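Let me begin by presenting the structure, written as structure tokens, before commenting on it.
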Amino acid sequence: MKKISLTILTAFSIFSGCSSLNKGEVKPDSHETIVKKLNIPWQINGTQNEMWISERSGGLVSIGPKHKKTSYTPEFSSALSDDGEGGFLGFVLDPNFETNKIAYAYYTYEKKGRLLNRIVKMNFETGKWIENQILLDDIPGGFTHNGGRLKWGPDKKLYITTGDSGDENLSQNLDSLAGKILRINSDGTIPKDNPFYPSPVYTYGHRNPQGMTWDEEGTMYAAEHGSSNYDEINKISPGKNYGWPVIRGNERREGMEIPWIHSGKETWAPSGIHYKKGFIYIASLRGESVMKVKTSSKKQTLIVTNEGRIRDILVDGNEMYIVTNNTDGRGQPSKDDDRLLKVPLEK
């Protein structure tokens, strides 16, 4: 396998003030199937020698040289709950994984009849993945709007997206971890420059944020599932309120941020996103596509279709790896789903 960079990506379309959507830059027959029969894959990570993919049902899959697939069942300290949109979601390798064999996970569990999420540190020891430290706990979970993305920022902090857990009022409550983007150190402590220190809350007023990415200047973008359509890509600034459930689309309210772009009356359900060289790439679940948006003009281009629901993306040079999510109960799976695909990016 070629060298793979540790990234995740996505991008999407714009509702107003945009040029028309260009379709079909990547031909369907140019997609190469790398791995078949994944079980609701969620987040892709890469090293020089292999890829790691979390599965919502609790599995962790590595793909090594010659596309060799190896499956693991991580040992969590609480029983995993994959009800609704929960389960084993976010997964990122430590930047020094090749030497320390450490990774970080976001998973859902049940406690006294309530669904909760937690962030944990894990070690790969003697061929097993074992949880060894809880970094952040009691994140409200729910049958819907469970968030779950983990991503390293350029500041080497760990960023986390959380959904409103089905209770929209929690998004505006700074005492709740639901409906937020969170930021912590790799040891679970809170960075002293967090906007609401000693809280891990970085931004609030989110419904169900999914993907995160940064451009070369450090500008942060996040993808978010909206209500009644109005999916969003937001420019993220610390301490800001992104309006849910008070405003959506182009609506305005003092002290609240409007989306950088939004879907209007379309539905994207944007998941993983990634920035590269002036474009944001976006994986779409309901939109069943990968799209890119040029950050300077907001021009949108459809580059992958006809593969069903797309959960996450990883780009390595001029190649893009994507995972489908057709076995999550909302898609129409083929006999080979879910799949890891390799797609050449346009020149």
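Using a 10 Å cut-off around each Cβ, can you sort Glu50, Glu288 from fewest to most neighbouring Cβ atoms? Walk me through the numbers on the way to the answer.
Values: Glu50 15, Glu288 20.
Arranged by neighbour count, lowest to highest, Glu50, Glu288 become Glu50, Glu288.
Can you show me the helix-derived [θ] at 222 nm for the chain, built from DSSP H runs with n ≥ 4 at -39,500 (n - 2.57) apiece and divided by the number of residues, rounded to the nearest 500.
Values: 1 runs with 4 residues, N = 347.
Using -39500 (n - 2.57) per qualifying helix, the result is 0 deg cm²/dmol.
Taking neighbour counts of Cβ atoms within 10 Å as a proxy for exposure, in what order, fewest first, do Trp268, Trp244 appear?
Working: Trp268 28, Trp244 24.
Ordered from fewest to most neighbouring Cβ atoms within 10 Å, Trp268, Trp244 come out as Trp244, Trp268.
Given points 7 Å out from each Cα along the Cα-Cβ axis, report the Lys156 to Ser77 separation in nanometres with one decimal.
2.5 nm
Of the residues Ile44, Ile160, Ile247, which exhibits the maximal mean-square fluctuation in a Gaussian network model of the chain defined by a 10 Å Cα contact cut-off?
So, out of Ile44, Ile160, Ile247, the one fluctuating most is Ile247.
Nothing charged except the Cβ atoms of Lys and Arg (+1) and of Asp and Glu (-1): what's the magnitude of the dipole of the range 105-153 about its Cα centre? Round to the nearest 20 debye. The partial results should precede the final answer.
Numbers: 8 positive and 5 negative charges, 22 e Å.
The calculation lands at about 100 debye.
Given [x] 1.03; [y] 0.97; [z] 0.94 as candidate values of Rg/Rh (Cα atoms, Kirkwood Rh), which corresponds to the one derived from the coordinates?
Among [x] 1.03; [y] 0.97; [z] 0.94, the one derived from this structure is [z].
With springs connecting C-alpha atoms under 10 Å apart, model the chain as a Gaussian network and identify which of Ala222, Ala103, Ala79 has the largest mean-square fluctuation.
Ala79
In percent, what relative contact order does the chain have, based on Cα pairs under 8 Å that are 6 or more apart in sequence? Don't jump to the answer; show the numbers that get you there.
Values: 1055 pairs, mean separation 72.5, N = 347.
RCO, the chain: 21 percent.
In nm, to one decimal, how far is the Ser30 label point from the Glu266 one, both placed 7 Å along Cα→Cβ?
2.0 nm
Using Cα-Cα distances under 8 Å and only pairs 6 or more residues apart, what relative contact order does the range 62-173 have, in percent?
Numbers: 224 pairs, mean separation 23.7, N = 112.
This gives 21 percent for the range 62-173.
Who wins for biggest fluctuation among Lys298, Lys151, Lys36 in a Gaussian network model of the chain, springs between alpha carbons below 10 Å?
Lys36
In what order do Thr99, Thr144, Thr301, Thr47 fall by count of nearby beta-carbon atoms within 10 Å, going from fewest to most? Can you show the working numbers first?
Values: Thr99 7, Thr144 14, Thr301 21, Thr47 17.
Least crowded to most crowded, the residues run Thr99, Thr144, Thr47, Thr301.
Explain nothing, just the number: dipole magnitude of the range 193-308 about its Cα centre with +1 on each Lys and Arg Cβ and -1 on each Asp and Glu Cβ, in debye rounded to the nearest 20. Write down the numbers at each step before the final one.
On the way: 14 positive and 13 negative charges, 57 e Å.
The dipole of the range 193-308 has a size of about 280 debye.
Multiply the residue gap between Thr70 and Gln133 by 0.36 nm, knock off their C-alpha separation, and tell me the result in nm, one decimal place. All intermediate terms of the calculation are to be shown ahead of the outcome.
Numbers: separation 63, 0.36 × 63 = 22.68 nm, distance 2.46 nm.
Working it through step by step, the gained length comes to 20.2 nm.
Considering the options Thr162, Pro140, Ser334, tell which one lies farthest towards the positive end of the dipole of the chain, charges being +1 on Lys and Arg and -1 on Asp and Glu at the Cβ, about the Cα centre.
Ser334
When a/c is below 1.5 the answer is rounded, else prolate if a/b is larger than b/c, else oblate, so apply that to the range 97-201 with a ≥ b ≥ c taken from the square roots of the Cα gyration tensor eigenvalues. Spell out each step's value before the answer.
Numbers: a/c = 2.30, a/b = 1.31, b/c = 1.75.
It comes out oblate by the Cα gyration axes.
For the chain, with only Lys/Arg (+1) and Asp/Glu (-1) charged at the beta-carbon, what is the dipole magnitude about the Cα centre, in debye rounded to 20?
For the chain, the charge dipole is close to 620 debye.
Among Val315, His31, Ser263, which residue has its Cα furthest toward the positive end of the charge dipole of the chain, with +1 on Lys/Arg Cβ and -1 on Asp/Glu Cβ?
After comparing all options, I get His31.
Mind jotting down the distance between the C-alpha centroids of the range 154-207 and the range 244-315, whole Å?
That distance is 21 Å.
Please name which of Ile282, Ile236, Val304 has its Cα lying farthest along the dipole of the range 224-347 towards the positive end, using unit charges on Cβ (Lys, Arg +1; Asp, Glu -1) and the Cα centre as origin.
Ile236
Since every read-out is calculated from the coordinates, none of them should be taken as a lab result. Quick caveat, the model's predicted, so the values are computed rather than measured. In this analysis, Cβ positions are derived from the backbone assuming ideal geometry, glycine residues included, and neighbour counts consider all displayed protein chains.
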